[in-house]
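Shown next, in structure tokens, is the structure this report addresses.
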Amino acid sequence: MKTALITGASRGIGLELCRQYAADGWRVFACARNPEQSDELNMLASTHPAQVIIHRLDVGDHAQIGQLAQALADEPIDLLLNNAGIYTGSHAGGTFDDKDYEDWAHAFRINTMATLKMAQTFQLQVRRGGQKTIATISSKMGSIADNSGGGSYMYRSSKAAVNMVIKTLAIDLKPAGIITVALHPGWVKTDMGGPNALISTARSVSGMRDVINSLTLADSGKFIAYDGQAVPW
């Protein structure tokens, strides 16, 4: 049985990732900040009690990341999926004249720093996995080449930065045979994406899973959309 560790598992894309991997026979370590408030995730775990194991994790809390790694010290992890992220109201405003620099720093801690911290902390478990993959949910809004709309300074910059983290990890982890990629999930109908988004969570996740399943070490460091298309940096 393959094993995935998925952050931000309580709703949206993260919840659907847990749902689809569990349905496909994987064991899933589903991580959420407030598991007791995650009704749908708890229901999924009750439906798949041998496969979906819920863990409390705030990826902005490095001590919690370390504690979880200790708890899972003997577990091989085939896929580490960094899905947790934030896009708050101030990010959505994101105008030139309206910035909250404390929120901006927090965005970097969650959207950027957490990816590197998770990779550092769980690298031994990933090395022991058969698939040896670290996938991070980024966004086309982090693409410098694709930015034609301006605004959203906080979100755009934190995602551009995590793309660089992924590219650098691909170089540093190549000797261990670990694949690292950044994934663009599309504009998805979630609480974050809003009701006007173009695709469902099921379509986004099934597409990203197809991408992940086809990865080789030669793909490490790439930025790939849910439909398999390369995304410009």
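Numbers for the structure displayed
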read-out	value
Whole-percent carbon and sulfur share, accessible surface of the stretch 104-227, 1.4 Å	56
Net charge, I65 excluded, C-beta distance under 9 Å - Lys, Arg +1, Asp, Glu -1	-1
Partner aspartates and glutamates for K117 [C-alpha distance under 17 Å; skip if fewer than 8 residues away on the same chain]	D58, D61, D172
Net charge dipole size for the chain [Lys, Arg +1 and Asp, Glu -1 on Cβ; Debye, nearest 20]	580
FRET E, pair D24, T168, Förster distance 45 Å, beta-carbon r, rounded to 0.05	0.90
Angle in degrees between helix 201-214 and the longest Cα principal axis of the chain, rounded to the nearest 10	70
Rounded to the nearest 10 Å², the accessible area of H55 at probe 1.4 Å	40
Helix-only CD estimate at 222 nm, as mean residue ellipticity for the chain, using -39500 (n - 2.57) per DSSP H run (n ≥ 4)	-12500 deg cm²/dmol
Debye intensity ratio in log₁₀ form over the Cα atoms of the stretch 120-227, taken at each q of 0.10, 0.19 Å⁻¹	-0.31, -1.00
Nearest-ten-degree value, helix 62-71 long axis tilted from longest Cα axis of the chain	20
Over the stretch 16-160 - Rg/Rh using Cα atoms and the Kirkwood inverse-distance radius	1.01
With all protein chains modelled, accessible area of V52 [1.4 Å, Å²]	10
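The values are calculated or read from the model by the stated rules, or taken from the named source; none is laboratory data. Owing to the predicted nature of the structure, the values given are computational and were not obtained by experimental measurement. Cβ atoms come from the backbone with ideal geometry, glycine included; neighbour counts cover every protein chain shown. We work out accessible area using only protein heavy atoms, side chains counted, and drop any ligands, DNA or RNA first. Shrake-Rupley method; radii C 1.70, N 1.55, O 1.52, S 1.80 Å.
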